[in-house]
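First the structure, in the form of structure tokens, and then the observations on it.
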Amino acid sequence: MSKMYTDYINRTALMVPDQFIDVKTGETHVVSSKIFEQIEYHAENQTLIHLVLSALNQYLHPNRINQDNEEILLKLDEIKQLLYGYRPDPSHVGLQHKPSQKEVKDVDMKDIEDILDVYGG
């Protein structure tokens, strides 16, 4: 059974069915209780339109979030190398070129926790 959620302040109404069709794959999915909880929360707090627009933004621009995460992981890797005594190759010291950005590799969560602990995070 469908349920209507409204945000009267921002004049937004959303009818949520029990199932929906994924527009990318065409598959039918059941609306999870977590989705219902979020919709209800945002309807009560007059942020329903922001929830919908945030979801659309993430749907339409998924790589932007991944790029942000990639940059964070690169910085954490640099900090890890500094903490564990990484020293640049002496043959490269003094060269006036900007080093190319290296590939992101898997970062162990324990390493991230250690880095954050060192910096008081």
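The values are calculated or read from the model by the stated rules, or taken from the named source; none is laboratory data. Everything numeric in this text was worked out from a predicted model, so none of it was measured. Note: areas computed on protein heavy atoms with side chains; ligands, DNA, RNA excluded. Shrake-Rupley method; radii C 1.70, N 1.55, O 1.52, S 1.80 Å.
Let me spell it out: the conditions are (1) of a type in the set (V, I, T); (2) under 22 Å from the mean Cα position of the chain (by Cα); (3) open to solvent by 80 Å² or more (accessible area, probe 1.4 Å), and I39 meets all of them except one. Which number is the exception? Here I39 meets the rest and fails (3). Residues in the range 9-33 that are assigned to a strand (DSSP E or B) and open to solvent by less than 100 Å² (accessible area, probe 1.4 Å): T12, A13, L14, V16, F20, T28, H29.
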